[in-house]
Every structure is written in structure tokens, then in C-alpha cells.
Amino acid sequence: MPEFLARAADQVPLIGVDVLVRLVLAMLLGGVVTLVYRFTRPADEIAPSFTVTLVLLSILIAMVTQVIGDNVARAFSLVGALSIVRFRTVVRDTQDTAYVIFAVAVGMSAGAGQPVLAISGIGVVAVAALAMRRGAIAMPERQAPFVLKVRLALGQDAAVVLKPVFDEFLVARHLTSIETTKQGVALEQCYTASLRNEERAADFVKALNRIEGVQGVSLERVGSQKESI
């Protein structure tokens, strides 16, 4: 057997083990990315399929990184091949997009044989995400914004008739829009508002509805079911 073939044959097992180690490392680090995601995001906003995607994405990016290596032509070929992939699912939150990039960076680091960079990056990102998560938890829950819509009969002065109830139940409110409804016989005002006590949301809606001239009330927080009367 020619000498160059013998050398190549001797190197195959080592190369195979190195590739396997990098892929397994990418899988493990992708799992760590998933744990960071689960601990720093609200439980009701976590999609099970998204956490699986983060792990698989880390492994796939590690594979792609090893396929490319230092070959620029191969890199451009892969870009062209992967450009045919189209995703119709929209990422629900910009933070989810950041975690997708996080998984890509970790997988690329593992595939390039830079485990120290991957682990360091995970540590820094985890600390930053947890710090911001704690800041969000520390915020008073009553500051969470609601969308309030009140429909009034024409001729009613909203600033006068609604103010007593607003002062009792709300910490703050901001008028965002006014429009006519029911073919111009009613006026609908839309506010962003913060409740003093979210447990009294139903009482707030009922108190508004009891005001003379109020034809309808809707209170809603983004991502939750609205309460209306």
C-alpha cells in the first residue's frame, strides 16, 4: 500500500473520534442552552418543540462547521444549498430569536473545536439572562400593562364620568386611541392601564359598566384572555 494511503488509514479512527466528540459536546452544550432558556423564560411562554430545536440546532451547526472547515468554496456552496430552506413559523418573541442565535454560536464553537469559547459564552449569557430575569421578577406585578376599552354613548364626558373609577382601581393610564362605533352613535376609548390590584380586575370592569352611559367595557393583557362585560 502506498505510504500516503497508509497514513490516511491510520488517521481515520482519530478523525472519527474527534468528530464524534465535537458532536456530543455540541449536544451537551445545546442542552445547557435549553436549561438557560427554561430558567429565564416564563413557563407559559415555553414551547416544548422550541427547546428541542435549540439542542438539534447546536448539533447541526457543529456538523456544518466541520463540513466547511477552512474551505471557502465549500462554505459558499453550503450557503447556496441551505438557502432553499424556508421556515413559515414566526418566532413569537425577540428573546427567542436571541436564543436561536445563542444555540448557533454554541454549535459553531463546538464544531470548530473551541469548547472553552462555547462554555465561556454560555456562562456569560446565562449570567446576563438570569440577571435580567430577576429584574423582571422584582418589578411589581401591578405594573403589567393592560389594554382597556370603554364604549360610551355620545355626549358623555369620559374625563368626568370615568375618573372616579379610574382613580380607585388604576395606578396609571394612558389614552391611546378614540374612535366612533355603532355607526357613529357611540365613542370607544382605548387606554393602556396598570391595575392597583389585579385580583380586583372583575370589580373594576363591573364598576365601569355600572356608570351611566357606558355601553361596554373590555380589559385585556397581551397573551391572555380578555375580561369584558
Within segment 202-211, which residues are among the charged types (D, E, K, R) and either out of contact with any strand residue (DSSP E or B) (no Cβ under 9 Å at 6 or more places or on another chain) or crowded, with 16+ Cβ neighbours inside 10 Å (or both)? 203, 210
Mind counting the residues in segment 193-216 that are closer than 15 Å to residue 158 by Cα and in contact with a Phe, Trp or Tyr (Cβ under 8 Å, 6 or more places away or on another chain)? 1
Restricting attention to segment 177-221, the residues that are modelled with pLDDT of 85 or more and part of a strand (DSSP E or B) number exactly 19
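Okay, residues lined up against (1) at pLDDT below 85; (2) not aromatic (Phe, Trp, Tyr):
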{"residue": "4", "(1), (2)": "yes, no"}
{"residue": "10", "(1), (2)": "yes, yes"}
{"residue": "20", "(1), (2)": "no, yes"}
{"residue": "24", "(1), (2)": "no, yes"}
{"residue": "29", "(1), (2)": "no, yes"}
{"residue": "33", "(1), (2)": "no, yes"}
{"residue": "37", "(1), (2)": "no, no"}
Identify the single condition in (1) closer than 23 Å to residue 18 by Cα; (2) modelled with pLDDT of 75 or more that residue 78 does not satisfy, given that it satisfies every other one. (2)
So how many residues does segment 40-53 have that are at pLDDT 85 or above and either within 13 Å of the chain's Cα centre (by Cα) or of a type in the set (Phe, Trp, Tyr) (or both)? 1
Pick out the one residue from 172, 158 that is in contact (Cβ under 8 Å) with a residue 24 or more places away in the chain and either farther than 15 Å from residue 219 by Cα or of a type in the set (Gly, Ala, Ser) (or both). 158
In segment 154-201, which residues are out of contact with any strand residue (DSSP E or B) (no Cβ under 7 Å at 6 or more places or on another chain), of a type in the set (D, E, K, R) and open to solvent by less than 70 Å² (accessible area, probe 1.4 Å)? 167, 198
Since residue 68 meets every condition but one in (1) modelled with pLDDT of 85 or more; (2) crowded, with 19+ Cβ neighbours inside 10 Å, which condition does it not meet? (1)
Take residue 85 and decide whether it is open to solvent by less than 80 Å² (accessible area, probe 1.4 Å) and modelled with pLDDT of 85 or more. no
Look at residue 50 and say whether it is touching a residue at least 24 places away in the same chain (Cβ under 8 Å), more than 17 Å from residue 19 (Cα to Cα), touching a Leu at 6+ places or on another chain (Cβ under 9 Å) and open to solvent by 30 Å² or more (accessible area, probe 1.4 Å). no
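The values are calculated or read from the model by the stated rules, or taken from the named source; none is laboratory data. Bear in mind the structure is a predicted one, so any value in this text is a computation, not a measurement. As a convention, Cβ positions derive from the backbone with ideal geometry for all residues, glycine included, and neighbour counts pool all protein chains shown. Just the protein is used for accessible areas: all its heavy atoms, side chains included, with ligands, DNA and RNA removed. Shrake-Rupley method; radii C 1.70, N 1.55, O 1.52, S 1.80 Å.
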